[in-house]
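Engineer: Please see the structure below; I have some questions.
The values are calculated or read from the model by the stated rules, or taken from the named source; none is laboratory data. Source: prediction; values computed, not measured. All Cβ positions, even for glycine, are placed from backbone atoms using ideal geometry, and neighbour counts span all protein chains on display. For accessibility, only protein heavy atoms count, side chains too; no ligands or nucleic acids. Shrake-Rupley method; radii C 1.70, N 1.55, O 1.52, S 1.80 Å.
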Amino acid sequence: GTAAGGRAAARAMGQDGFALPALLLAAMGFAVLTGSTAPDVIGATLQEAALGPRLALALLLPALLAVALAGTGQLSSGSPVPEASGRHLALWEMQRALRLVLWVALLQGLFVPFGTAFPDAGLGGWLTALPLWCAKLLLLTVVLAVAEANLARLRKRRMAEMMGAAALVALLGVAWLFLSAGVA
């Protein structure tokens, strides 16, 4: 209930407001690319697709990485004053860590879908896919940590520019999908 908490909440809302267009454009790009908005269908479609460079995926990846960094609070634009300590602060940190795991799992399911176990894979398939999932999770966490270390000193106005650039890159990816499909 202090002024610092209100400023932190306003900053988080503003940051999410800039990240949302990039996220929606990336979701639209995956929907156009795979014909579905369901993450499991997108992952299965990308896993079954022929390997090869895809410009649209190369454009959607940095957009989603920027949204993931902003959405998990990894790029703080100041030093927030914690409004709590003890159990409450531990719960806030735990939800931040869980959000990071969710984003990294989503990114690996979309961009590194090989080795994913399908629901009908059975126990053997799941036990085989679990170590690979953990390795991919660790690799993408390192990538996000390097990105966070390189972008850690962004100011508030730079965060808006980064989210705008992410939305623009995602828009370019969607436009490329429409142009390559002959829709436009």
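Engineer: Working only within the range 169-184, note down all residues that are modelled with pLDDT under 85 and of a type in the set (Gly, Ala, Ser).
Structural biologist: Passing the criteria: Ser180, Ala181, Gly182, Ala184.
Engineer: Checking Ser36 against (1) within 21 Å of Arg158 (Cα to Cα); (2) modelled with pLDDT of 75 or more; (3) not charged (D, E, K, R), which single condition isn't satisfied?
Structural biologist: Unmet for Ser36, out of (1) within 21 Å of Arg158 (Cα to Cα); (2) modelled with pLDDT of 75 or more; (3) not charged (D, E, K, R): (1).
Engineer: If you take the residues of the range 48-96 that are open to solvent by 50 Å² or more (accessible area, probe 1.4 Å) and closer than 20 Å to Val142 by Cα, which of them is modelled with the lowest pLDDT?
Structural biologist: The qualifying residue modelled with the lowest pLDDT is Ser76.
Engineer: For the condition in contact (Cβ under 8 Å) with a residue 60 or more places away in the chain, under 28 Å from Arg54 (Cα atoms) and surrounded by 13 or more Cβ atoms within 10 Å (Cβ to Cβ), what is the one hit in Leu168, Leu106?
Structural biologist: Leu106
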